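Encoded as structure tokens, here's the structure I'll be asking about.
The values are calculated or read from the model by the stated rules, or taken from the named source; none is laboratory data. Bear in mind the structure is a predicted one, so any value in this text is a computation, not a measurement. Here the Cβ positions follow ideal geometry from the backbone for every residue, glycine too, while neighbour counts run over all protein chains shown.
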Amino acid sequence: MGLRWRSGGLRISTIIEHSTAPGSYAYELPSDVDVVLNDDGSASLSRTVTATDEEGSELSVTANIGQIGAAWAVDANGEPVATHYEVVDNQLVQFVDHNQPGVAYPVVADPTFWWGWNIYASNAVVGQITKLMLSGVAAGVLASRITALIPAIGTLTTNIIALAAALLGMGAALINQCNWNGRGVYFGQTWVTGVLPFVPTVLRNGYFCVPN
């Protein structure tokens, strides 16, 4: 098995050297991560967290924390080899049907992991955050208010100050433009870790607009 970094994700390459090699390869996932297999062959990773808001009410939030690209495998001639994912005992298992006539070895099976999270901020919360940004607050103060307004963020990441600094760098005008229809904004971070608990390298701090 080899590792290759790519923009936005970690590629984990499994090299299948011969026809007697196993036909399945398991990737361990954290116990608190839920995995959903998608129709396009990819897999989505989510985590549900609870936190208490400013009024003392307990909130439960499910956040998207990662994505795994569709299963992919090719033989030594570049020909595709049938492959798919299954979830078994909290492991993502890639099945590779390589022991077939005409398959040239080695076969490379190549899932790609993107780790991160996105969490929704309502129109009202976005309004408070952008008002603070326009007042000229420092990143630490903005981070504190973001945590108070969206408490689940504190359980998803320790890099809230970096997120706040990135938002300040982007400016309130861009965030308000993203929220022009009052539907709110997704704040988030994306990093590469592969198999936890590697130290995360943050690749993105910022926001996503809610699709129309």
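Please specify each residue of region 74-113 satisfying the condition of being of a type in the set (S, T, N, Q) and surrounded by 12 or more Cβ atoms within 10 Å (Cβ to Cβ). Even if it seems obvious, please write down each step before you answer.
Taking region 74-113 as the starting set, the residues that turn out to be of a type in the set (S, T, N, Q) are 77, 83, 90-91, 94, 99-100, 112.
Thr83, Asn90, Gln91, Gln94, Asn99, Thr112 - these are the residues of region 74-113 that are of a type in the set (S, T, N, Q) and surrounded by 12 or more Cβ atoms within 10 Å (Cβ to Cβ).
With the condition kept exactly as written, say whether any residue in region 132-141 is modelled with pLDDT under 85 and either in a helix (DSSP H, G or I) or surrounded by fewer than 17 Cβ atoms within 10 Å (Cβ to Cβ) (or both).
Of region 132-141, the ones modelled with pLDDT under 85 are none.
No: region 132-141 contains no residue that is modelled with pLDDT under 85 and either in a helix (DSSP H, G or I) or surrounded by fewer than 17 Cβ atoms within 10 Å (Cβ to Cβ) (or both).
Okay, moving on. Of the residues Ala51, Ala26, which is at pLDDT below 90, surrounded by 15 or more Cβ atoms within 10 Å (Cβ to Cβ) and either within 19 Å of the chain's Cα centre (by Cα) or not in a loop (DSSP other than H, G, I, E, B) (or both)?
Details: Ala26 fails: surrounded by 15 or more Cβ atoms within 10 Å (Cβ to Cβ).
Unique residue meeting the criteria: Ala51.
Can you tell me which condition Ser144 does not meet? The list is (1) in a loop (DSSP other than H, G, I, E, B); (2) modelled with pLDDT of 85 or more; (3) among the hydroxyl-bearing types (Ser, Thr, Tyr), and all the others hold.
Checking Ser144 against (1) in a loop (DSSP other than H, G, I, E, B); (2) modelled with pLDDT of 85 or more; (3) among the hydroxyl-bearing types (Ser, Thr, Tyr), the one that fails is (1).
Looking at Trp117, Trp180, which one is under 25 Å from Glu28 (Cα atoms) and not in a helix (DSSP H, G or I)?
Numbers: Trp180 fails: under 25 Å from Glu28 (Cα atoms).
Only one candidate passes the filter, namely Trp117.
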